[in-house]
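Some notes on the structure that comes next.
The values are calculated or read from the model by the stated rules, or taken from the named source; none is laboratory data. Keep in mind that what you see is a predicted model, and the values were worked out from it rather than measured. As a convention, Cβ positions derive from the backbone with ideal geometry for all residues, glycine included, and neighbour counts pool all protein chains shown.
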Amino acid sequence: MNHDAYPDNYIRSILNSVKSIAMVGASPVNVRPSYFAFKYLAQRGYDMIPINPGHVGKELLGKPFVASLADVGRPVDMIDIFRNSSHIMPVVEEALTLDPLPKVIWMQLGARDDAAAAKAEAVGIKVVMNRCPKIEYGRLSSEISWMGVNSRTLSSKRAPAPTQGMRLSLNRMSVGGGETAASDRAAKNKTEQS
Amino acid sequence: MSDRLPGFSTLAVHAGAQPDPTTGARATPIYQTTSFVFNDADHAASLFGLQAFGNIYTRIGNPTNAVLEERVAALEGGTAALAVASGHAAQVVVLQQLMQPGDEFIAARKLYGGSINQFTHAFKSFGWNVIWADPDDIASFERAVTPRTKAIFIESIANPAGSITDIEAISTVARKAGVPLIVDNTLASPYLIRPIDHGADIVVHSLTKFLGGHGNSLGGIIVDAGTFDWSTGGKYPMLSEPRPEYHGIRLQETFGNFAFAIACRVLGLRDLGPALSPFNAFMILTGIETLPLRMQKHCDNAKAVAEFLAGHPAVASVSYAGLPSDKYNRLARKYAPKGAGAVFTFSLKGGYDAGVNLVSKLQLFSHLANVGDTRSLVIHPASTTHSQLDDAAKVKSGAGPDVVRLSIGIEDKEDLIADLEQALGA
């Protein structure tokens, strides 16, 4: 996979197929991005599992915190890593010991570790880096458009009025003229410099 | 789903718009409301904390305006956009995110006269210091860079003479200086030039001109290219530092490659207040649907009129980058191959008096201070749009006393030429 620019169909197929998501680094602090990404994905119907050894014994929006991926005790479809780039590799290595393996490893906005991605891809796991699943879900469903974000999708069908717990269709037409090749290029340049 | 890629004209009609969820209305409705109800207290708190997608109050966002924002972002190839009340408002909101008192920004000397005034006087009073550079001399931008430089500002096609700016060369200077390049793309519109493809980090427009296109509604817009890294060196604290007004959220960390557009909305528009009326957004959206058709006609007419004027004995010179002999023709062929725009100047052998005489005799051209209308427009910049500049600055910005500016409309070109011919003749 080219990790500088993901085709919409790649992201779409992931968000359409995974059901359970273990979020490593989920925070109970309600102004942290991990908290509101967790909350949004739960509202959109994903089975969310918060992983954070510092908060075991507490709950995040009714879901008990789990100390580590190994402690989840059931298969998870996707691991969403809310850690800095320098802390990605140990999480991926732990994920590779799970049986069954997760189908997807997702690294949050700002996080990228190409070596860790290569290890996961070598065993058939799909990898997404430097993206937010909340933003991507909001973009592909166009729910994010209220804030002037370019969803890079079109649809001539009547839009749904989103309600609590509702899954939204992500199957809109992707557009080329609105591609953000420039921002993908800039992100790549930044990665190469650092 | 295939990732089939629609073209510019399809985006001009469809991007951002979808049949209304409640009524099925196909045209984008005018959501003429100040505010939007919350589902419950938790929903309200999530919206105010920037944690959930949704509408709060029209000074922060409005569903009609959001369609306009997404459409222009799509046409420019940006990640997000923010519509505001005017092009001038867009410039204030952009610089408010970048500048602290005592900071500097470098601006091309060839700009719309209103921008020159805004930068020289209003922004000076905020402690934002403009340093002028010459867009025909790229090294003048390099020389102007100091540790306090926070941005570079240029026009893609520059008012009033329609000169073309070497966006790529200036973007190289900006990248080297570690500051964003802001391009005012009003006179080109994304149909002719997409500055982001040439290295712009932020694009601004007066929507009042070609995008709206009918001379009936004011508006401005800011497009975030998603290309600039705001986190380095604490140079842009509005984006990189925890925001006390939002419980310590860091905008770049939270919103990634559209953080600048969000900063403009939640720190700029929210606190400065220049919101766009949803009615104006609707009028401008309707205009944008025909942008590709209009813009091509504007350019074809402008070229025909420029060629006529270049051959007229009463005309001393014509500045139109679409003419092969023009000094900007090489840049026009590179940056705007579909046409060099429809705003340009010419000077008359008879000087100031001949200019005044011409304006008074024209019958189709309207004498007014706007550009980018379906109607053809004429103005004498030295006595109007550029009148607050001193004589030397007038000449430097291409608005000397003998200069007349035209904005060519989408009428029949034969009628425009006939009108100019009769007015020049006697």
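Taking the numbered list (1) in contact (Cβ under 8 Å) with a residue 60 or more places away in the chain; (2) crowded, with 19+ Cβ neighbours inside 10 Å in turn, B:LEU323 passes all entries but (1).
Selection over the stretch A:103-117 of residues that are outside any loop (DSSP other than H, G, I, E, B) and not β-branched (Val, Ile, Thr) gives a count of 6.
Can you report the number of residues in the stretch B:353-399 which are of a type in the set (Val, Ile, Thr), assigned to a helix (DSSP H, G or I) and at pLDDT 90 or above? The total comes to 1. Comparison of A:MET1, A:MET48 shows that the only residue that is over 20 Å from B:ILE249 (Cα atoms), aliphatic (A, V, I, L, M), away from chain B (no Cβ under 14 Å) and part of a loop (DSSP other than H, G, I, E, B) is A:MET1.
Taking the stretch B:144-161 as the range and being in a loop (DSSP other than H, G, I, E, B), small (Gly, Ala, Ser) and at pLDDT 95 or above as the test, only B:SER156 passes.
What residue, among those in the stretch A:7-45 that are of a type in the set (Gly, Ala, Ser) and within 12 Å of chain B (Cβ to nearest Cβ), is nearest to the chain's Cα centre (by Cα)? Within the stretch A:7-45, the match that is nearest to the chain's Cα centre (by Cα) is A:ALA37.
So that you can scan it fast, the table gives a plain yes or no per residue for (1) among the acidic types (Asp, Glu); (2) at pLDDT 95 or above; (3) assigned by TED's automatic domain parsing to the domain that holds B:SER319; (4) under 13 Å from the mean Cα position of the chain (by Cα):
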{"site": "B:ARG175", "(1), (2), (3), (4)": "no, yes, no, no"}
{"site": "B:LEU187", "(1), (2), (3), (4)": "no, yes, no, yes"}
{"site": "B:HIS205", "(1), (2), (3), (4)": "no, yes, no, yes"}
{"site": "B:PHE210", "(1), (2), (3), (4)": "no, yes, no, yes"}
{"site": "B:SER217", "(1), (2), (3), (4)": "no, yes, no, no"}
{"site": "B:ALA225", "(1), (2), (3), (4)": "no, yes, no, no"}
{"site": "B:TYR236", "(1), (2), (3), (4)": "no, yes, no, no"}
{"site": "B:PRO244", "(1), (2), (3), (4)": "no, no, no, no"}
{"site": "B:HIS247", "(1), (2), (3), (4)": "no, no, no, no"}
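Note on the stretch B:326-356: among residues that are under 12 Å from B:HIS380 (Cβ atoms) and in contact (Cβ under 8 Å) with a residue 40 or more places away in the chain, the one that is surrounded by the fewest Cβ atoms within 10 Å (Cβ to Cβ) is B:GLY351.
The condition of being more than 20 Å from A:SER145 (Cβ to Cβ) and within 13 Å of chain A (Cβ to nearest Cβ) holds for only one of B:ALA45, B:ALA107, that being B:ALA45. Search the stretch A:10-32 for residues being of a type outside the set (Val, Ile, Thr) and at pLDDT below 90, and hand back the single one that is surrounded by the fewest Cβ atoms within 10 Å (Cβ to Cβ). In this case the residue turns out to be A:ASN30.
Which helices (runs of 4 or more DSSP H) sit wholly inside the stretch B:164-242 and have at least 1 residues that are closer than 30 Å to B:LYS297 by Cβ?
Answer list for the stretch B:164-242: B:167-177, B:189-192.
Just one of the listed residues (B:THR64, B:THR58, B:THR33, B:THR28) is surrounded by fewer than 17 Cβ atoms within 10 Å (Cβ to Cβ) and more than 7 Å from chain A (Cβ to nearest Cβ), and it is B:THR33. Residues that are modelled with pLDDT of 90 or more, closer than 24 Å to A:ARG83 by Cα, more than 10 Å from chain B (Cβ to nearest Cβ) and over 16 Å from the mean Cα position of the chain (by Cα): does the stretch A:130-150 have at least one? Looking for residues that are modelled with pLDDT of 90 or more, closer than 24 Å to A:ARG83 by Cα, more than 10 Å from chain B (Cβ to nearest Cβ) and over 16 Å from the mean Cα position of the chain (by Cα), one finds none in the stretch A:130-150, hence no.
Kindly establish whether A:ARG167 is farther than 19 Å from B:PRO19 by Cβ, outside any helix (DSSP H, G or I), within 11 Å of chain B (Cβ to nearest Cβ) and modelled with pLDDT of 70 or more. No.
Can you go through A:PRO53, A:PRO102 and tell me which one is more than 14 Å from every other protein chain (Cβ to nearest Cβ), more than 26 Å from B:GLN252 (Cα to Cα) and over 15 Å from the mean Cα position of the chain (by Cα)? So the residue among A:PRO53, A:PRO102 that is more than 14 Å from every other protein chain (Cβ to nearest Cβ), more than 26 Å from B:GLN252 (Cα to Cα) and over 15 Å from the mean Cα position of the chain (by Cα) is A:PRO53. Residue check: B:PRO21 meets all listed conditions (1) farther than 20 Å from B:ILE222 by Cβ; (2) at the interface with chain A (Cβ under 9 Å from one of its Cβ atoms); (3) modelled with pLDDT of 95 or more but one, namely (3).
Residues in the stretch B:364-407 that are surrounded by fewer than 19 Cβ atoms within 10 Å (Cβ to Cβ) and closer than 21 Å to B:ASP300 by Cα: B:LEU364, B:SER366, B:ASN370, B:THR374, B:ARG375. Across the stretch B:317-352, the number of residues qualifying as part of a loop (DSSP other than H, G, I, E, B), touching a helix residue (DSSP H, G or I) at 6+ places or on another chain (Cβ under 7 Å) and not hydroxyl-bearing (Ser, Thr, Tyr) comes to 9.
Results for (1) buried (at least 24 other Cβ atoms within 10 Å of the Cβ); (2) touching a residue at least 24 places away in the same chain (Cβ under 8 Å); (3) on the phi < 0 side of the Ramachandran plot; (4) within 13 Å of another protein chain (Cβ to nearest Cβ), shown as yes or no for each residue.
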{"position": "B:LEU187", "(1), (2), (3), (4)": "yes, yes, yes, no"}
{"position": "B:SER240", "(1), (2), (3), (4)": "no, no, yes, yes"}
{"position": "B:ARG243", "(1), (2), (3), (4)": "no, yes, yes, yes"}
{"position": "B:ILE249", "(1), (2), (3), (4)": "no, yes, yes, yes"}
